[in-house]
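The values are calculated or read from the model by the stated rules, or taken from the named source; none is laboratory data. Everything numeric in this text was worked out from a predicted model, so none of it was measured. Cβ placement follows ideal geometry from the backbone for every residue including glycine, while neighbour counts extend to all protein chains displayed. The protein model used for the area step is the full one, side chains on, heavy atoms only, and it has no ligands, DNA or RNA in it. Shrake-Rupley method; radii C 1.70, N 1.55, O 1.52, S 1.80 Å.
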Amino acid sequence: MPDSEHILRAIWRDKIHVEPRALELASPAVRQRFDHIWQPAELFLRELQSLSPGLLRVWEKSQRGHIVFTHLDSVYCAGPQPWRESTLESVCYLSVRDWAQDRTPAWLAFFRLLDHLLGSDAQEGAPSFSDGGGLTPALREAAGRFLAIHQLGHGHRELGISSAGDYFAHTLWLGLNDPQRLNTLDPLVLKLYRQTLLHPGFWERHAAS
């Protein structure tokens, strides 16, 4: 993965932002977990290395899809979002509280951003990957397979979810962090991810398409 470091540097420069009072407005327990205001963002960037460089490149090249670290809840918001004196489009807000306690909610919010980016470059009102959208024919084909698997309903009750978007976020999180559990819940979606979104060769073909 020779270009991972270059891609992550560009993401850090262009996509990652921190609210100046994010730690100040958090609880004392959260503040005590970090040495400085940028540390949660540094941890996030380090963990992004678990994703394929090709997937990260799709995000890096987009004009949309920003990250803002905040004291508020982690959530993805499509469309224009105010940021200081300007506007950012399609923003994933990541809570410093989640990075101090349980990072899962933050990653689920981030995967909702990725879902929208892969589906339609995170354009407001346009489909996500989990809606069947895709930036390329290969991604649309993979999205169609994802929807067919989702409609089977495997793992919905165990994960406490029903929507395709939630299923994408939760299963991708498990695919990266607990593939054994995902293989028990839904081996079909794990196989799909390993053949597509989590497979470097898929992204090499994506870049050529």
Please determine whether any residue of the range 110-117 is among the charged types (D, E, K, R), under 14 Å from the mean Cα position of the chain (by Cα) and under 23 Å from Q151 (Cα atoms).
yes
Can you tell me how many residues within the range 60-102 are open to solvent by 70 Å² or more (accessible area, probe 1.4 Å) and closer than 17 Å to D166 by Cα?
1
Selected residue (only one of G160, G155, G125, G144 is farther than 24 Å from S62 by Cα and loosely packed, with under 15 Cβ neighbours inside 10 Å):
G160
Test G133 against the criterion of being of a type in the set (G, A, S) and surrounded by fewer than 16 Cβ atoms within 10 Å (Cβ to Cβ), and give yes or no.
no
Just for helices (runs of 4 or more DSSP H) wholly inside the range 1-48: which have at least 1 residues that are of a type in the set (D, E, K, R), free of Cβ contacts under 8 Å to residues at least 12 places away in the same chain and open to solvent by 100 Å² or more (accessible area, probe 1.4 Å)?
4-14, 39-47
Given the range 107-208, what helices (runs of 4 or more DSSP H) lie entirely inside it while holding 1 or more residues that are modelled with pLDDT of 95 or more and small (G, A, S)?
137-150, 164-177
